[in-house]
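The values are calculated or read from the model by the stated rules, or taken from the named source; none is laboratory data. Quantities reported herein were computed from a predicted structural model and do not represent experimental measurements. When we count neighbours, we look across all protein chains shown, and the Cβ atoms used for this are built from the backbone with ideal geometry, even at glycine.
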Amino acid sequence: MLGQFLSPLINTRDDGYGGNTHNRLRFVMEVLDAVRAAVGPDFVVGMRLTADELLKGGMDAAECIQIARAIAETGQLDFFNLLAGAPYDDLGLAGWIPPMGMPSAAHLSIVGGLKEAVDLPVLHAGGIADIATARHAVSSGLLDMVGMTRAQIADPYLVQKLAAGNEDSVRPCVGMGYCVDRVNQGKDALCGHNPATGREQQMSHVIARDTELQPQRW
Ligand code: SF4
């Protein structure tokens with residue numbers, strides 16, 4: 001809803017909450033003030049924001065930078081959760097949660113451009129499914145943090161394996177979208193690439209090697 005107030009494609013109000021960038025930001029600022037007042041100064045608050053709606057008539061990169069700077073200057077926010085595009089139709093939504101047919105990490109440079117312009121930590125989630133890409137994004141200074149939701153649906157032990165030096169054994173998210181389709185239907189987020197996900201009470205993610213089994217001859 002905050003994004004809809006910000007976007008000139010959606011927000012056609014002609015009162016103090018619509019029209020120019022300042023007015024479209026008003027509702028966001030009021031919500032941010034209320035959230036900070038409710039949680040106090042020590043609670044970490046982040047905000048998801050597009051870095052460029054990538055649509056004719058929508059917020060471009062320059063306006064998104066203007067908005068992000070204004071939000072950062074309030075001192076009420078601890079980090080941005082940035083992405084690019086706009087989820088107003090199926091193609092826009094696919095850009096936010098890219099399925100296997102879409103490019104990997106397609107919005108990294110756009111998000112990195114906004115990060116350059118604001119003095120707050122930046123997280124980006126959207127189509128970064130593997131550790132090598134995440135490592136590149138952070139080490140090259142494009143991001144401070146990478147959000148990897150589906151990657152951890154496919155392998156909830158991703159971080160543990162990385163910390164233990166077992167990166168090669170991470171079960172990769174292949175972007176088939178089975179989890180997303182189910183969630184959008186109000187069902188639990190099962191994974192087409194990991195049968196244990198969402199079935200942890202019946203099936204463990206960690207399976208001990210069976211020492212009784214002998215190698216099969218085929
Ligand atoms: S179902 Fe599993 S592999 Fe497919 S997109 Fe979701 S997490 Fe990734």
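Being buried (at least 16 other Cβ atoms within 10 Å of the Cβ) and either in a helix (DSSP H, G or I) or more than 12 Å from the ligand (Cβ to nearest atom) (or both) is the filter here, so list the residues in the stretch 179-195 that pass it.
The answer is 179, 180, 182.
Could you identify the single residue in 49, 77, 83, 6 that is touching a His at 6+ places or on another chain (Cβ under 7 Å) and either charged (D, E, K, R) or at negative phi (or both)?
Matching residue, one of 49, 77, 83, 6: 83.
Residue 5 fails exactly one of the following numbered conditions: (1) assigned to a loop (DSSP other than H, G, I, E, B); (2) under 30 Å from residue 181 (Cα atoms). What is the number of that condition?
(1)
Please tell me if residue 54 is in a loop (DSSP other than H, G, I, E, B), in contact (Cβ under 8 Å) with a residue 12 or more places away in the chain and surrounded by 17 or more Cβ atoms within 10 Å (Cβ to Cβ).
When the stated conditions are applied, residue 54 passes them.
What number of residues within the stretch 141-171 are within 14 Å of the ligand (Cβ to nearest atom) and either over 12 Å from the mean Cα position of the chain (by Cα) or over 26 Å from residue 48 (Cβ atoms) (or both)?
The number of residues fulfilling the criteria is 9.
Which one of 111, 146 is outside any loop (DSSP other than H, G, I, E, B), within 14 Å of residue 84 (Cβ to Cβ) and touching a strand residue (DSSP E or B) at 6+ places or on another chain (Cβ under 9 Å)?
That would be 111, the only listed residue that is outside any loop (DSSP other than H, G, I, E, B), within 14 Å of residue 84 (Cβ to Cβ) and touching a strand residue (DSSP E or B) at 6+ places or on another chain (Cβ under 9 Å).
Provide a single number: the residues in the stretch 30-45 that are closer than 19 Å to residue 122 by Cα and surrounded by fewer than 17 Cβ atoms within 10 Å (Cβ to Cβ).
Residues flagged as closer than 19 Å to residue 122 by Cα and surrounded by fewer than 17 Cβ atoms within 10 Å (Cβ to Cβ) within the stretch 30-45 amount to 4.
Is the stretch 162-173 home to any residue that is farther than 30 Å from residue 70 by Cα, assigned to a helix (DSSP H, G or I) and of a type in the set (Gly, Ala, Ser)?
Checked the stretch 162-173: at least one residue is farther than 30 Å from residue 70 by Cα, assigned to a helix (DSSP H, G or I) and of a type in the set (Gly, Ala, Ser).
Given the criterion touching a residue at least 12 places away in the same chain (Cβ under 8 Å) and hydrophobic (A, V, I, L, M, F, W, C), identify the matching residue among 94, 137.
Result: 137 is the single residue among 94, 137 that is touching a residue at least 12 places away in the same chain (Cβ under 8 Å) and hydrophobic (A, V, I, L, M, F, W, C).
Residue by residue through the stretch 57-69, note down the ones that are touching an Asp or Glu at 6+ places or on another chain (Cβ under 7 Å), farther than 10 Å from residue 6 by Cα and surrounded by 19 or more Cβ atoms within 10 Å (Cβ to Cβ).
none
Name the one entry in 198, 127 that is in the same structural domain as residue 56 (by TED's automatic domain parsing), among the small types (Gly, Ala, Ser), without any contact (Cβ under 8 Å) to a residue 60 or more places away in the chain and crowded, with 17+ Cβ neighbours inside 10 Å.
It is 127.
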